[in-house]
Amino acid sequence: MTKLFIANIRAVNGFRPLVTVRAAAEGEAKVFLAAAYPDDEIVDVVEPSDWVSDADTGSAPGDIREHAGVEWQAP
């Protein structure tokens, strides 16, 4: 069973919009993100607490989605 994680990712030219990833655990989420963003720094990966999105966040392990216009806010 996967859980939703939100990630704060810093690219060379600044921070990416909020990124979500589906994974079984935080460590697995970091592995998926590192593979998807090999040149970027994964600053934070956390469970989103009460955060709810009306955008598609995927359902399969490894589903990564960027949410344009949504900035990182620690839960």
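Quickly run through segment 20-54 and pick out the residues that are small (Gly, Ala, Ser) and over 13 Å from Leu4 (Cα atoms). Ala34, Ala35, Ala36 - these are the residues of segment 20-54 that are small (Gly, Ala, Ser) and over 13 Å from Leu4 (Cα atoms). For segment 7-24, taking the residues that are polar (S, T, N, Q) and touching a strand residue (DSSP E or B) at 6+ places or on another chain (Cβ under 6 Å), the one that is most open to solvent (accessible area, probe 1.4 Å) is identified as Asn8. Of all the residues in segment 1-21, those that are farther than 18 Å from Pro38 by Cβ, of a type outside the set (S, T, N, Q) and part of a loop (DSSP other than H, G, I, E, B) number 2.
Scanning segment 32-41 for residues that are under 15 Å from Arg65 (Cα atoms) and either over 10 Å from the mean Cα position of the chain (by Cα) or open to solvent by 50 Å² or more (accessible area, probe 1.4 Å) (or both) yields Phe32, Ala34, Ala35, Ala36, Tyr37. Only residues that are closer than 12 Å to Asn8 by Cβ and in a strand (DSSP E or B) were counted across segment 22-63, and they come to 6.
Only residues that are buried (at least 16 other Cβ atoms within 10 Å of the Cβ) and aliphatic (A, V, I, L, M) were counted in segment 42-63, giving 2. In the condition set (1) at pLDDT below 95; (2) in a loop (DSSP other than H, G, I, E, B); (3) open to solvent by 50 Å² or more (accessible area, probe 1.4 Å), Glu66 is compliant with all but (2).
The values are calculated or read from the model by the stated rules, or taken from the named source; none is laboratory data. Every value quoted in this text rests on a predicted model; they were computed, and no experiment measured them. Please note: Cβ atoms are built from the backbone with ideal geometry, for glycine as well, and neighbour counts cover all protein chains shown. Only protein heavy atoms, including side chains, enter the accessible area calculation; ligands, DNA and RNA are left aside. Shrake-Rupley method; radii C 1.70, N 1.55, O 1.52, S 1.80 Å.
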